Amino acid sequence: EELKAMTSDNQGELEGIGVSVVNDVVELNGQKYSVLTIISVFNDSPALGGGLRIGDRVYAVFDEEGNSHTVEELGYDKAITYVRGVAGTKAHFTVLRDGTDGQYVAHEFEIERKKITTESVSGRVSEQDPTIGIVKISQFDLTTPPQFKQTMDELIGKGCQKFVFDVRYNPGGQQSSICAVLS
């Protein structure tokens with residue numbers, strides 16, 4: 001699956017709502033439809049403040065005239081362009097969220113886009129063993145090396161001596177960033 005951050009570059013700054021998505025499929029009434037499934041919601045982002053959650057599936061997007069288009073009919077790349085956009089403008093879309101009865105519940109969102117500095121690295125101490133630090137690297141952009149160093153310093157300061165590096169769903173990114181983290 002291809003991963004796309006809601007950004008047009010790898011500079012570590014973006015204009016949008018602050019989510020990463022993967023191309024996915026849902027089944028509704030026996031028919032399959034393409035959706036954008038949210039796999040991360042950035043901290044301090046409009047998406048987080050607006051109530052979006054990991055696992056929400058963007059099913060339809062609204063164009064500038066207010067007309068709704070499904071991700072299925074637009075295709076993955078075109079649908080993403082309706083969610084991305086210039087800070088200060090609004091993204092308007094419908095998500096499908098898992099309901100209590102196994103059915104999807106539709107929720108409509110209108111979220112103002114803003115400039116966001118991506119958080120490409122996060123860390124925590126393992127609940128099972130306080131000497132193990134778990135470091136999640138979601139992508140490699142220009143902000144990754146300093147965030148990686150800060151996260152490692154914090155975990156070492158908390159007594160971590162061993163580390164697990166979680167790069168699941170990481171699409172890669174800038175080679176210079178990857179090399180800096182590896183060194």
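The values are calculated or read from the model by the stated rules, or taken from the named source; none is laboratory data. Because the structure is a prediction, the values reported are computed rather than measured. Positions of Cβ are generated from backbone atoms using ideal geometry, with glycine treated the same way; all protein chains shown enter the neighbour counts. The accessibility values were calculated without ligands, DNA or RNA, using every heavy atom of the protein model including side chains. Shrake-Rupley method; radii C 1.70, N 1.55, O 1.52, S 1.80 Å.
One line per residue, one yes/no per condition, for (1) at pLDDT below 90; (2) open to solvent by less than 80 Å² (accessible area, probe 1.4 Å); (3) touching a Phe, Trp or Tyr at 6+ places or on another chain (Cβ under 9 Å); (4) of a type in the set (Gly, Ala, Ser):
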| position | (1), (2), (3), (4) |
| --- | --- |
| VAL135 | no, yes, yes, no |
| PHE148 | no, yes, no, no |
| ASP153 | no, no, no, no |
| ARG168 | yes, no, no, no |
| GLN175 | yes, no, yes, no |
| ALA180 | no, yes, yes, yes |
In the range 137-146, anything of a type in the set (S, T, N, Q) and surrounded by fewer than 20 Cβ atoms within 10 Å (Cβ to Cβ) is listed as THR143
Of ILE156, ILE178, the only residue that is of a type in the set (A, V, I, L, M, F, W, C), over 23 Å from the mean Cα position of the chain (by Cα) and assigned to a helix (DSSP H, G or I) is ILE156
_Considering only the range 59-71, I want to know if a residue exists there that is of a type outside the set (D, E, K, R), crowded, with 17+ Cβ neighbours inside 10 Å and assigned to a loop (DSSP other than H, G, I, E, B)._
no
Listed by first then second residue, the pairs whose first member lies in the range 64-77 and is of a type outside the set (Val, Ile, Thr), whose partner is outside any strand (DSSP E or B), with beta carbons under 6 Å and at least 6 positions apart or on separate chains, are none
Checked the range 78-109 for anything part of a loop (DSSP other than H, G, I, E, B) and in contact (Cβ under 8 Å) with a residue 40 or more places away in the chain; matches are ARG84, GLY85, VAL86, ALA87
Restricting the range 106-127 to residues that are more than 23 Å from ASN23 (Cα to Cα) and among the basic types (Lys, Arg), the one least open to solvent (accessible area, probe 1.4 Å) turns out to be LYS114
Considering the range 88-105, residues that are open to solvent by 30 Å² or more (accessible area, probe 1.4 Å) and out of contact with any Lys or Arg (no Cβ under 8 Å at 6 or more places or on another chain), and then whichever is nearest to GLY16 (Cα to Cα), we arrive at HIS92
